[in-house]
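The values are calculated or read from the model by the stated rules, or taken from the named source; none is laboratory data. All of these numbers come straight from a predicted model, not from anything done at the bench. Ideal geometry is used to build each Cβ from the backbone, glycine not excepted, and the neighbour counts take in all protein chains shown.
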Amino acid sequence: MTDEAKIAPAPELPTTGVTPTIAGDLPETEVERITADLIGALKTVYDPEIPVDIYELGLIYKVDLDDDRNLVIDMTLTAPGCPVAGEMPGWVENAARSVEGIQDVTVNMVFDPPWDATRMSEEAQVALNWW
C-alpha cells in the first residue's frame, strides 16, 4: 500500500477485534464478501498444539486490503518458540489465497504486542475450558 492510498475502515471482524482496512474504491459489498470469506479461510488454520483455529485464538492482528486486491496480514503466535513458527505463516498465506478475488498475500509475523489469552474469542475460551 502506498502512502497516498486512502484508508477507510471496513466491517469489523467479530470476536477478535481485528478491523481490516481497505484502500480506495473497492465496492463495500465486495469488501464484505472478501472479509467473510477470509474469516472462513483463516478458521481452517489451527495451531497443532491447541484445538482452536488461529482466528478465534486472536493470532490475526491486522488485515489490509488494497485496490488491487492484495492482502497484508499481520499475525503472531501464542509463543515465539512455537514449533510451527516457520510453517504457520505459509498456512495462513495459502488459506488467504483461497479467497476468490485475492491477487496476492503477504503475511508478516509480529510479536508486538505479545499475544495473551485475553485476545481469544469467547468460543476459544469455551473450547479450551478457560471460561
Failed item in (1) out of contact with any strand residue (DSSP E or B) (no Cβ under 9 Å at 6 or more places or on another chain); (2) closer than 17 Å to Leu128 by Cα; (3) of a type outside the set (A, V, I, L, M), with Asp47 passing the rest: (1)
Search result, residues across segment 91-131 that are aromatic (Phe, Trp, Tyr) and more than 15 Å from Leu77 (Cα to Cα): Trp130, Trp131
Sole exception among (1) more than 15 Å from the chain's Cα centre (by Cα); (2) of a type in the set (Asp, Glu); (3) modelled with pLDDT of 90 or more for Asp67, by number: (3)
Yes/no for Leu59 being buried (at least 19 other Cβ atoms within 10 Å of the Cβ) and either more than 28 Å from Thr29 (Cβ to Cβ) or hydrophobic (A, V, I, L, M, F, W, C) (or both): yes
